[in-house]
Structure formats: structure tokens, C-alpha cells
1. Give the span of the stretch 220-332's Cα atoms along each principal axis, as three whole-Å numbers ordered largest to smallest.
2. Is there a quick way to get the dipole size of the chain? I mean about its Cα centre, with the Cβ of Lys and Arg at +1 and of Asp and Glu at -1; what is the value in debye to the nearest 20?
3. Could you name the lysines in cross-link range of K221, using Cα to Cα under 25 Å and dropping any fewer than eight places away on the same chain?
4. Compute the distance in nm between two label points, each set 7 Å from the Cα along the Cα-to-Cβ direction, one at S253 and one at A382.
5. Measure out, as a whole number of angstrom, how far apart the alpha-carbon centroids of the stretch 292-357 and the stretch 129-198 sit.
6. All other residues with a Cβ under 11 Å from the Cβ of R252 taken together, and with Lys, Arg as +1 and Asp, Glu as -1, what is their net charge?
7. Once you place label points 7 Å from the Cα toward the Cβ at K333 and S71, how far apart are they in nm?
8. Could you order the peptides 249-256, 339-346, 180-187, 120-127 from most to least packed, using the average number of other C-beta atoms within 10 Å per residue?
Amino acid sequence: MLDPIVAFFQRIFAAIGRGIGLVIAWILWPFMTVGNWYRARGWIIKGPIGIALLVLAGFYAYFIWQTQVWSGFNPDYVNAYNLGQRKQDAGTAAAGVAPATPAAGEVSEPAPKTCTRSAIVDVTADLIDFNVNQNAWISSMLLYKLGLFGLDWDRTPWFDNKASFQRGINQAVRRTAVELVDALGRVRGTSGINNDLQRARGNLQFDEETWYFGSNSLLPKTPTPTYYRTAMTDLRKFNTSLEACDAIFDGRSDNLIEFLDRITNDIGATTAMIRERSEFYNGGWFDTRADDRFWFAYGQLYGYYGILSAAGADFDAVIKARGIEPLWIESIKQLRSALNIQPAIISNGREDGWIMPTHLATMGFYILRVRSNLVEMRDVLAR
């Protein structure tokens, strides 16, 4: 009685098996053809080709390692700065520096004046170091630029998560560098632009994908990571000058308002990007662009978590004077909570779906919470 049903399912599974076999054969056919051709050649031809294949395999092994291993990744990296122990705002004269006791017959000289470093600048420089020194900058690696048989890695499910994460951090770093030049690193209207910050901003605006050579010129180029390393050096030079009281950090409330405005607009654009993908491309686990959207947003929040935590130390007097300290602390907690979302596979399912989750909508929710708090703090400061 059940024999026709069993036979029916046997035919279905047999057809599926033949289909899978045909797909695998189609994929392997070029490799089998090349392998047969290679075995029929002499060693004069086999040798150079074999060496070239070994070099290529080494490059791919290095590429896979760099894309899968995230050196220095730590959602709690802010704790290492001990920002809660800071007693003074950035740029203010450091207290408690006692003059040296002169020897008998010597004239007492005043102690060298020192000022407080900017935590924002320190964190920004360290984020660049994390991106291009502790890790390889993926977006400008040759094999990443070549893609999968010419298909951009961002359009595949593989090897693009770290690159998107790094670009998200870089977005936060770029935005911060612009604000340091335009407002925080100078007294608006009465002082010139700081040269170190200006150079850092210019180098950080360099495109994210330049390798040593490009298709538009035969001449060698300076790759992207070199520009970012130079920007990191210039940021640290600025902080050294600030510590020696030779530079300016203008910690006024209107500068903090402007800084919050820019960050709010920046993450607002990311929210729009996530919303567009979440609403119109519900492919669940099969949406190959969901992962780079997710990890870009994650990297942006990872960067702003450190930068806004540092801003709380640099603008501590303003924050306490205007009574927004509880709201500021809550915003930092929400940023940190967003970093707990680390799914192994990013899914862009429907919001009312019951099989595939919707990680993009979850990330968008956290971003909107942070953005709402930033807007509220900005409004309180502007009163």
C-alpha cells in the first residue's frame, strides 16, 4: 500500500541527487580540465606553474587568515582608558605639579606648565592603530579588490565582515577628525586651524581601497593604510602639543552640541541604510548584503562607543554643569549593549517572520535608541 509513496519520494531524492551532482560537476569541470592538461606537460612547464600556484595559495591563505582573525577586538576596550579617574577637562592646565626644590645657592625655576590630553584624540588615534596596525586593512588588499571571480566580496556571504567593520570604525574616525579641525581643536573665530589636525583630517579622507598599483595608472601608489598611519601620528602629535599647552582644545558647550549633532546625523544615515535593506530585501540567511550592512553599523557603534566615552571625560565640566550626566551614562550603556549582538550568520528576515531572525532590525533599534538619547542631550545643552 505504501510502496507507491515510497517510490515517489525515492524518485524525488534521486532527482535532487542528480541535480546536485550536475552542479558539482559543472563547478569542478574547469579544474579537472586544467589538471589533466597540467599532468600532461613536462617539468619545464610544470615547474613555473606549480611555483606560481603555490605563491597564489600562500596569498589566499594569508588573505583568509586576515579576514577571519580580528586581532585586538574587545567590546570593553574603553575600560583600559580609566576615563572615570580623569579629574580635569581636555586642554585645561593640570593641577598638582609641584616645582622642583632648588639646591643651595640655586635660583628656583617654575615647573613646566602641563595641560590635560584629549581623550577623544587618544581614542581616535588608537582606533586607527587597531584598524591598520593590529590588523591588516582589508579593503585595500589585492585579493579583496579582485573579489570572487570578479564578483565584489561584499556581494557574497564570505570574507567581507571584517572589511565592513573596519569601514564602520573609519566612518566614526573620519567624522571625529572633521570636528576636531573645525571646532574642538581651535577657538572659533579667534584662532587658526591646527596643522597636525588638518593633516590628519586630510589623510583620513583618502579613499579606502587603494593598493600599490591601480587600473587608472601604471605608476606605483601609496596604499591606503599608509595615509591612515600618518593621520594617527599627526593626532598623537597634536595631543603631545596639547599636553605641553602649545595647542588648544575648546571644551565649550556649543562645541559639544555641534559634535553631538554631527554624530547624530552620521548614525542617522546608517539607520536609513539599514531600514532600506531590512524593508525591501528580506532574504533571511540568504541576503548576501545584510552582513556588510550589519558589520558596518557595528563598527560605527564600536568607534563611537569609545569616542563618546572619551567625550564624556573631555567635556566633564559641561556635562555636569548642564545636568545631563545620567543621560550621558545611559547613552554609553546603550552603545555598549549594542555591541553584545555578535551573530555568527547575519539574517535579514521579515520582522513578523518566525523562522529566520532579523538582525538588521535589531541593530537599527539599538542605533535609534542611541540617536534618541543624543538628540535629547543636545536639546538640553541648547536650552
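1. Cα spread of the stretch 220-332 along its principal axes, largest to smallest: 54, 51, 18 Å.
2. Computed charge dipole of the chain: roughly 1000 debye.
3. Straight-distance partners of K221: K145, K162.
4. 1.4 nm
5. Cα centroid to Cα centroid, the span is 18 Å.
6. On the way: positive: R188; negative: D89, D250, D254, E258.
Result for the neighbourhood of R252: -3.
7. For K333 paired with S71, the spin-label model returns 3.6 nm.
8. 120-127, 180-187, 249-256, 339-346
The values are calculated or read from the model by the stated rules, or taken from the named source; none is laboratory data. Keep in mind the model is a prediction, meaning the values are calculated, not measured. Virtual Cβ from ideal backbone geometry, glycine too; neighbours counted across all protein chains shown. Please note that ligands, DNA and RNA were not included when accessible areas were found on the heavy atoms of the full protein model with its side chains. Shrake-Rupley method; radii C 1.70, N 1.55, O 1.52, S 1.80 Å.
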